[in-house]
Amino acid sequence: MLNYRIIFFVCIASIATIGDAQDHQQEINDQVWKPFIESFNNFNAENFLSVHSKELTRSPRDSKQILNWNEYLADQKKQMGRMKTDGIKLTIELHFTERIANTMQAVDVGVYKTSIVMKDGTSNSGYGRFHVVMRKENGIWKILVDTDSSEGNTIGEKDFVAAKPM
């Protein structure tokens with residue numbers, strides 16, 4: 001009889017832990033990923049960087065760079081401004097392969113899809129893998145480490161579809 005009680009309590013504890021993780025992920029979706037996507041798609045660099053910690057480490061690995069918050073903001077203002085001026089439409093979508101969270105820290109890994117429509121109507125999509133470390137700062141989730149890579153263009157639509165949407 002004792003073994004059944006232990007199993008019962010372990011199951012109850014596991015269910016509670018899963019519920020907590022899902023609560024953290026919903027909070028992360030609302031505080032980080034939804035504004036991240038919206039501001040990226042609307043070329044709003046200030047709002048885009050507002051979901052990032054001021055202690056950010058950003059590494060677009062394909063270009064072999066490491067940027068801090070100020071450098072990343074300047075880079076995004078330049079890039080987003082140029083695309084807006086050129087009449088380009090750019091969107092990003094995120095799908096997740098791994099999501100780990102506790103009350104103060106989180107790691108999200110996944111596949112992104114960027115779609116671009118040029119002023120002349122031509123379009124193209126690209127894919128890559130992202131790894132993001134987040135932490136709560138004053139009760140709000142912020143991106144602390146953000147790295148991504150196209151992994152030599154080996155990431156594609158099949159990888160994106162296989163991962164889970166938000």
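Values in this text are rule-based calculations from the coordinates and carry no lab data. For clarity, every value in this text was computed on a predicted model and none was experimentally measured. In this analysis, Cβ positions are derived from the backbone assuming ideal geometry, glycine residues included, and neighbour counts consider all displayed protein chains.
Observations
- Cα-based Lys pair tally, the chain, threshold under 14 Å, eight or more apart or on separate chains: 8
- HN-Hα J in Hz across segment 94-106 - Karplus 6.51, -1.76, 1.60, θ = phi - 60°, x for Gly and Pro: 10, 10, 10, 9, 7, 9, 10, 8, 10, 5, 10, 9, 8
- Take the Cα of Ile66, step 7 Å toward its Cβ, do the same at Ser50, and the gap between the two points is 3.0 nm.
- Radius 13 Å from Cβ of Ala163, net charge of other residues (Lys, Arg +1; Asp, Glu -1): 0
- Distance between modelled label sites at Met166 and Asn153, nm, 7 Å Cα→Cβ extension: 2.9
- Normalised by the number of residues in the chain, the mean separation of alpha-carbon contacts (under 8 Å, six or more apart) gives a relative contact order of 22 percent.
- Options (1) 37; (2) 58; (3) 45 - which one matches percent of Cα pairs over 23 Å apart as calculated here: (3)
- Cut-off 14 Å between beta-carbons: net charge of the residues surrounding Gly152, Lys and Arg +1, Asp and Glu -1: -1
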